[in-house]
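Here's the structure we're looking at; comments come further down.
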Amino acid sequence: MCGIVGYVGPEAGDKALDVVMEGLGRLEYRGYDSAGVALIGQGEVETRKRAGKLANLRETLEQFPLPTTATAIGHTRWATHGGPTDANAHPHRGGEDGKLALVHNGIIENFHALKQELVGKGVEFTSETDTEVVAHLLDEAFARTGDLTQAMREVVNTLHGAFTLLAVHADQPDVVVGARRNSPLVVGLGEGENFLGSDVAAFIGYTRHALELGQDQIVTITPDSYEVIDFDGTPSDGKAYEVTWDAAAAEKGGFPTFMEKEIHDQPHAVADTLLGRTDAEGKLTLDELHISEEELKAVTKVVILACGTSAYAGMVAKYAIERWARIPVEVDLAHEFRYRDPVVDENTLVVSISQSGETMDTLMAVRHAKELGARTVSICNTHGSTIPRESDAALYTHAGPEIAVASTKAFLAQITASYILGLYLASLRGTLEDSDDDLDTILSELQEVPAKIEELLGTMDRVKEIAYFMADSRSVLFLGRHVGFPVAMEGALKLKELAYIHAEGFAAGELKHGPIALIEPGQPVFIVVPSPDSEHGLHGKVVSNIQEIRARGARTLVIAEEGDEDVVPFADEVIRVPRTSPLLAPLLTVVPLQVFALHLSTAKGLDVDQPRNLAKSVTVE
Ligand code: F6R
């Protein structure tokens, strides 16, 4: 939610604007209600800002160019306080002379009281944002201290809420100061230049040396130095790390949209997430899980916490972990968990799933679980982000940067990582030893999945055609059972997000308990059919469901395994997926649903990568 970039280069440098605009381009997925930049030049700060996407700001910069300078900050906004207008766009200026500029990601919860005080002192506001309050406070503090870092330290200690702040002042032209609480900020370390960004994508075109900041820290960058202190002034080192992907990974790679590219990245996302998690003999090794084997053996319950697509990955994980490790698993939406007095103790393993590692609801739920004594593991795609940093252990997914707002490859990587965790718990507890499932067989089936996704992606032409035919649909339903149920919900979520069409995912078994009343002639329904190898006759039960809705006029779009001929008589369309074992099927069955949503959105002429009202990383509650 909101992307921020800061840059400071050599004194006579001239690339600040280019660096910041490029960074904003890579961070636009975080919010696109408005964009703006501030540059320090000739003893003053100059800003340009515009409501709407970054393209609007680019237009403004062509009409009203800025001088070349060495220091700049920039912002791309997801609106919270105040509508998406030019006036509310960041950066905000502080003080009468406007020598200070500030960008902000997050919410200042006590802004109203602070604003009243400032208004009482005669300060005039030009926006409705909470951010402008901080700009004026910082300017006041700078006037007192003459130092931007000191001013930031004074001000952050008066703020409540979640924030990342970046500030520049005309009287300290070679300095950018950043601060973070409950919101992301990373430092990029260059040669004779340094960077700040909401995530490493902001500066990946320039450096892969990064520095992780802790909670409640302030960083001051100049061209040749960086300094980190806690909010109480204690010096800190930060934690340096190398970014493992390069700028090309954050580009579209010849695809028209990031989402299409990311859907095609999925074979790699799964393969890379499996990589390095088995030893030479093919035995599972999870060295990164810094929780002792004894503690893991003592776990009596797993609680999975996540939101949105990540929560659907968690629902898939429940089926696998319970089956393989024989531990009860609860899946909770993170925002519900925290406020309902959950029963959690030191024998509970809390597994959070988050692509960004910054989702505020999930972060708060993890903190709450820790307070209750649980051990916490984070399945996360973003190195150095807050949730893995605050968890006892992190199991990183290696999907690479996910830029499209709607999640695709991260979902598959999350499911893969949770399978690995489930298998690891099973191997520690010996629960697969007397079972029909065999760990080596499951692992080798998992290793075959990337090639199967690749094969499946080569057969999506018909799904694209169906999407184009269905561009005028007003409502689409999705049915699934067992692990197909979360896949159905994920299919519906993708369609809502991308095509703004009413879509619902149901458990197929629930159909007769109500949702069947929605079926009328022509109603399109996707059905995710379980593998014919599924236990308990689940396949046959879902085939009966297809007949029931078809008899009532539904248009049935059936996702079924190759060779499953039972569905053919009742399907208006059969979309085939390669065979795999029933529990691993979501890694395949969700792919046509992603492709369908992508093309339906395109058919409607919508913005696939940046759907309306959304932002990728939801850093406010
Ligand atoms: C849907 C989507 C969201 C996220 C959710 C959690 O396409 O992307 O539903 O899955 O906001 O985000 P993370 O995984 O970053 O915690």
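The values are calculated or read from the model by the stated rules, or taken from the named source; none is laboratory data. No experiment lies behind these values; they were computed from the predicted model shown. Backbone-built Cβ (ideal geometry, glycine too); neighbour counts: all protein chains shown. SASA here: full protein model, heavy atoms, side chains in, ligands and nucleic acids out. Shrake-Rupley method; radii C 1.70, N 1.55, O 1.52, S 1.80 Å.
Looking at this structure, is Thr431 β-branched (Val, Ile, Thr), in the same structural domain as Val299 (by TED's automatic domain parsing), modelled with pLDDT of 90 or more and open to solvent by 10 Å² or more (accessible area, probe 1.4 Å)? Yes.
At least 3 residues being modelled with pLDDT under 95, in the same structural domain as Ala451 (by TED's automatic domain parsing) and touching a Pro at 6+ places or on another chain (Cβ under 9 Å) is the threshold, and among the strands (runs of 3 or more DSSP E) wholly inside segment 482-591 not one reaches it. Taken together, the residues in segment 317-346 that are within 25 Å of Glu295 (Cβ to Cβ) and assigned to a helix (DSSP H, G or I) amount to 11. Leu349 falls short of the stated requirement of being outside any loop (DSSP other than H, G, I, E, B), within 12 Å of the ligand (Cβ to nearest atom) and in the same structural domain as Thr431 (by TED's automatic domain parsing). Here segment 331-343 is the region considered, the condition is being touching a helix residue (DSSP H, G or I) at 6+ places or on another chain (Cβ under 6 Å) and over 18 Å from Ala317 (Cα atoms), and the residue that is farthest from the ligand (Cβ to nearest atom) is Arg338. For segment 579-614, residues that are surrounded by fewer than 23 Cβ atoms within 10 Å (Cβ to Cβ), among the small types (Gly, Ala, Ser) and either touching a His at 6+ places or on another chain (Cβ under 7 Å) or touching a residue at least 24 places away in the same chain (Cβ under 8 Å) (or both) total 2. Based on this model, can you work out whether Lys370 counts as farther than 28 Å from Leu584 by Cβ and in contact with a helix residue (DSSP H, G or I) (Cβ under 9 Å, 6 or more places away or on another chain)? It is true that Lys370 is farther than 28 Å from Leu584 by Cβ and in contact with a helix residue (DSSP H, G or I) (Cβ under 9 Å, 6 or more places away or on another chain). Within segment 105-145, the set of residues being polar (S, T, N, Q), open to solvent by 40 Å² or more (accessible area, probe 1.4 Å) and either assigned to a loop (DSSP other than H, G, I, E, B) or in contact (Cβ under 8 Å) with a residue 12 or more places away in the chain (or both) comprises just one member, Thr126. Looking at segment 263-280, can you tell me whether even one residue there is open to solvent by 70 Å² or more (accessible area, probe 1.4 Å), closer than 27 Å to Gly190 by Cβ, in contact with a His (Cβ under 8 Å, 6 or more places away or on another chain) and in contact (Cβ under 8 Å) with a residue 12 or more places away in the chain? Scanning segment 263-280, I find no residue that is open to solvent by 70 Å² or more (accessible area, probe 1.4 Å), closer than 27 Å to Gly190 by Cβ, in contact with a His (Cβ under 8 Å, 6 or more places away or on another chain) and in contact (Cβ under 8 Å) with a residue 12 or more places away in the chain, so the answer is no. Candidates Glu510, Glu454, Glu520, Glu535: the one that is open to solvent by 20 Å² or more (accessible area, probe 1.4 Å), more than 16 Å from the ligand (Cβ to nearest atom) and free of Cβ contacts under 8 Å to residues at least 12 places away in the same chain is Glu510. Where residues in segment 313-330 are open to solvent by 50 Å² or more (accessible area, probe 1.4 Å) and under 17 Å from Ile415 (Cβ atoms), which of them is nearest to the ligand (Cβ to nearest atom)? Filtering segment 313-330 for residues that are open to solvent by 50 Å² or more (accessible area, probe 1.4 Å) and under 17 Å from Ile415 (Cβ atoms), the one nearest to the ligand (Cβ to nearest atom) comes out as Lys318.
Exactly one residue among Val476, Val463 is away from the ligand (no atom under 16 Å from the Cβ), more than 21 Å from Glu561 (Cβ to Cβ) and in contact with a strand residue (DSSP E or B) (Cβ under 9 Å, 6 or more places away or on another chain), and that residue is Val476.
Checked against (1) open to solvent by 20 Å² or more (accessible area, probe 1.4 Å); (2) in contact with a helix residue (DSSP H, G or I) (Cβ under 9 Å, 6 or more places away or on another chain); (3) under 29 Å from Tyr29 (Cα atoms), Pro486 meets all criteria but (1).
Scanning segment 364-384 for residues that are within 9 Å of the ligand (Cβ to nearest atom) and touching a residue at least 60 places away in the same chain (Cβ under 8 Å) yields one hit, Thr382.
The set of residues in segment 155-183 that are among the charged types (D, E, K, R) and either open to solvent by less than 10 Å² (accessible area, probe 1.4 Å) or more than 28 Å from Gly357 (Cα to Cα) (or both) comprises Asp171, Asp174, Arg180. Look through segment 188-230, keep the residues that are in a loop (DSSP other than H, G, I, E, B) and more than 27 Å from the chain's Cα centre (by Cα), and return whichever of them is nearest to Glu390 (Cα to Cα). Applying the filter and picking the extreme gives Ser225. When Ala306 is tested against (1) within 16 Å of the ligand (Cβ to nearest atom); (2) among the hydrophobic types (A, V, I, L, M, F, W, C); (3) open to solvent by 10 Å² or more (accessible area, probe 1.4 Å), just one condition goes unmet, and that condition is (3).
Of the residues Pro569, Pro515, the single one that is more than 23 Å from Asp436 (Cβ to Cβ), loosely packed, with under 14 Cβ neighbours inside 10 Å and out of contact with any helix residue (DSSP H, G or I) (no Cβ under 7 Å at 6 or more places or on another chain) is Pro569.
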